[in-house]
Each structure stands twice: as structure tokens, then as C-alpha cells.
Amino acid sequence: MLRAEDIKKNIDLVEIVSESVRLKRSGRYLMGLCPFHGERHPSFCVDPERQLFYCFGCGAGGDVFNFVMRLHNYTFHEALSFLAERAGIREVVDERVDFLKGLQVLFQKTLLMSKRAKAYLKRRGIAPDRAGEFGIGLCPKNLLEILRRKNQLLLAERSGLKEKFIGVFQGRLTFPFYDRSGNLVGFAARRINGQGPKYINTEETDLFKKRGLLFGINFLKKRGKVYVVEGYFDCISCLAAGIPAVATGGTSFTADQARLLKGFDRVVVAFDGDKAGRAATMRAFKVLVACDVYPYAIFLPKGEDPDSLVRKGRERFLCLPERDLFELIKDTIGRLPPQSAVERLNNLASFLRDSPSALSKLLLERIKGAFGIKIKRQAKKQLDTETRILEILLSSRELVEDLKEKGLLEAIENPEIREALRYFAEHKMLPPASAYMNLLARATIYPASQDLKEKAIRYLKRKRACKGL
């Protein structure tokens, strides 16, 4: 199995960056024009000693993995393989991938033997003999016993299935997630009846990060038009009817997911037709624009979702008019009172101005031309308090170690930030592919002042006192 630490020891970030950015020495750092957004003056900084980069223009930052992932639109696992080849490190087949493949075979066999699961799928319009085409399976109710008998509980835990979690997973329909290399990396699971959350996922690992995956993308052979839907059954109904679709899996649409769609000719968002679905569509539009993907949308009739509409006839879905982003902006602004319209335009312009994508700049100019108004510059939105605390503390590992020993890190409410700081205190670095790697790069290249560090400590002490820790 490839280890990120081994690859980092044998790869020079400066060498990788220099292949796409012309760097010049500026004191202890190297500076150049950022490859992730258009700029005339260098704001892209590389720290050769700490092997980190940060752009003061767009905020991109991190280590060599983050650079390669962003530059080539790779997943972490793809970046790992790419850099391993560059470093001359031979990849060993990850036993977790083979383990998950074995589980998929077991799940699909279990489904074929379950009358209850097949009856449920039939009610959802999916013939049991077609379920296998889309990877649908059923987790056996005795999975824990099976894994214990095979002495695979430790391997299961490393694959995202801890022993205490397996009990919740058992008896559910399963949906496999694949990365762009075709590796099965994790599962989502839906309860058929009973109590508990409707959907759950295998826990995140370095292989399975749901925010960077799209269900169904492995079934698409052509890169023409693609519909982005929310649910697994929305996607499966579309695919079964010959309509190319991918699903976000019920979570907020992310930039990592948007980058997976950059190779498609046309991206059409097709979320539910209710108020929440329309709001999710506009949020997805912002994410796509920031990733240089021009979006379109269809709005479903009230009370319908893609699954229900397609099952009434694929033409009823395909005949819905597609609206492009600029058309929707004009339509939305045109319906508002003048004062509200100006406020909405300023908010939109602020987002487009701060976005690093070329598409954002083009849209900003079109908006200025179409509405003929001067758009005010707004202050950038500040980071939330605990994220700002994280950035300050990442300036000093010694300080984080001290806070950990004193138990002050427990005052942080965000579990991801708390865990990131614990890891940083122990390993002197954040976990591979951490979502906070850009903050580490910024904190390293532009450290927080002593005054800010003291304010952060006082904040944590107040929080601990309030929580009674």
C-alpha cells in the first residue's frame, strides 16, 4: 500500500510546481503567478523548507498532494499514484480495495436471496435482475459474524466499517462508490424499514471521501451531457432509462464533486422541484461557477423528483426546459423590488469577484453590462471563529502541544478541527488530504502574531470555563 509519508520524502514540491509555474526567489520563499486563478502580479508562494505552498490571491494552499489534486483535478488516491510513479515508488495493491470488492460480491448475492429487499426494489421501479447493473446490494444481517469468523474485523475497520458501526449497516440496501480509477472505495446504505437514519455511509478513509465522489459516474461511458441529481434512486432511475446522471448522495454539492464534471460537454442540475431543491440548485451553481463549469438547470414540477418523474416516462423528464445560469440571474433579479435587486446583485458580484475562476470574471462583466449599475465592493467574509483559531494555532506546534497537555483543545466544539489539532500536536503535520491543509500553509508562511496567539488561548480558556471542563 502506498504511504503518503514515504512519497513526501522522495518528492520535491518545488520541482513539481516548477513544471507549471515560473518561480523566482524572494528571501526564503519562491514566488510566481498562481496557476489556479488569473493574476498579473505574483501572489503564489512556495516554502521549499517546509514543502508547502499558499496563494495570497485565491487562498489555495497545502502540500504537494493538494497541489497535484487541484492542478490535475485528481482525487487524493489518484494524486498518490501519480506522485508515487514520479518518485519511482512501486504501488502495492491496497488490500482494502480487494476487501471492499469481496463485500460487494457478498452484498449482491445476499440481495438475490432476499424476498423483502427485492419486493422493495420492485416498488421503487427497479427489477431485481437489473439491480446488479447499478451495484445495488444488501448487507447481510450477520455481517459482523462473517467478518469475525474470517478474522477480518481489523481490515474492515481500516476500510471504514468499525465493529460498532457494522450493526447499524446490517440489513440495509447498499450502493457502491467508485473513484475515477474504477476502484471501489466505500458504500452508502439505506434502511428498508425500522428505525435509524434513512441513509448512512461507510466512515471516511483516505480512500473514501464522499465529498469528492459522485455516485454513478463509473457507469457513464461518454462525456456529453450529464444530469446532476441528489438521490441514489434518482440517479438509478435515470440510468435505467438511458439518461446520463450522477448523484451527490443527499449531501451538499462540493467543489471536489464539481471538478469531476469538468470533462463533460454540458452539466444540468436536476434537484427536487420544491423550495429546498431550488435553493440547493442555486448553491450548486455557485460551486460549479467557482470551478469553471458553466451550469444549466431544469426545475421539476411541484411534488416530483427525478425518480418519480422518470418512472412516469423518460420524455416527461427530458422535455423539461433547460435554463442557463445567466438567464436565471436575469429572471430572479427582474422579479425583485429595486432595492432588493441591487442588494442581491452586490452579493452576487462580491462572490464572483472573490472567485478565482475565469468564468466568474466573465459573468461579472455580463452582469455589469446587462444591469447597467455600479456594483459596490463588499468586504470579504471572515472565517468562522473556530476555523480562525485553528489557523492561529497552526503557527506553532509547541503551542498546540501545550494546549493539548492542558486539555484546552477539548474546548473546541467542531470535532473535525479538534481532531486536526490533536493530530498536529502528535505528528507535526495534518493528516494527508486534510481539508485544513491550506490553513496550515498560510499559517506556516504567514505566522500569527504573539498577540493573536494569546487571544486564541484566552478564547479557549473562556470556552472551557463555560463548558465546565
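The values are calculated or read from the model by the stated rules, or taken from the named source; none is laboratory data. Bear in mind that the values here come from a model prediction, so they are computed numbers and not experimental data. Positions of Cβ are generated from backbone atoms using ideal geometry, with glycine treated the same way; all protein chains shown enter the neighbour counts.
Does Val246 qualify as being in the same structural domain as Leu309 (by TED's automatic domain parsing), part of a strand (DSSP E or B) and buried (at least 23 other Cβ atoms within 10 Å of the Cβ)?
Here the answer is yes, as Val246 does meet what is asked.
Within segment 203-236, work out how many residues are on the phi > 0 side of the Ramachandran plot and acidic (Asp, Glu).
Total satisfying the criteria: 0.
Tell me, which strands (runs of 3 or more DSSP E) wholly within segment 111-214 include 3 or more residues that are surrounded by 17 or more Cβ atoms within 10 Å (Cβ to Cβ) and modelled with pLDDT of 90 or more?
Qualifying strands (runs of 3 or more DSSP E): 173-178, 184-190.
Let me spell it out: the conditions are (1) outside any helix (DSSP H, G or I); (2) surrounded by fewer than 21 Cβ atoms within 10 Å (Cβ to Cβ), and Leu106 meets all of them except one. Which number is the exception?
Leu106 satisfies every listed condition except (1).
Quick test of your reading of the structure: Asp98 fulfils all but one of (1) in contact with a Gly (Cβ under 8 Å, 6 or more places away or on another chain); (2) at pLDDT below 95. Name the failing condition by number.
Exception for Asp98: condition (1).
If you scan segment 255-273, which residues turn out to be closer than 10 Å to Leu214 by Cα and not charged (D, E, K, R)?
Within segment 255-273, Gln257, Ala258, Leu260, Leu261 meet the criteria.
Report every pair of residues separated by at least 6 positions or lying on different chains whose Cβ atoms are under 7 Å apart, first residue within segment 247-260 and touching a residue at least 60 places away in the same chain (Cβ under 8 Å), second acidic (Asp, Glu).
Here the result reads none, with nothing in segment 247-260 linked to a residue that is acidic (Asp, Glu).
Keeping to segment 308-339, report how many residues are of a type outside the set (A, V, I, L, M, F, W, C), assigned to a helix (DSSP H, G or I) and within 23 Å of Val289 (Cα to Cα).
Summing the residues that are of a type outside the set (A, V, I, L, M, F, W, C), assigned to a helix (DSSP H, G or I) and within 23 Å of Val289 (Cα to Cα) in segment 308-339 gives 5.
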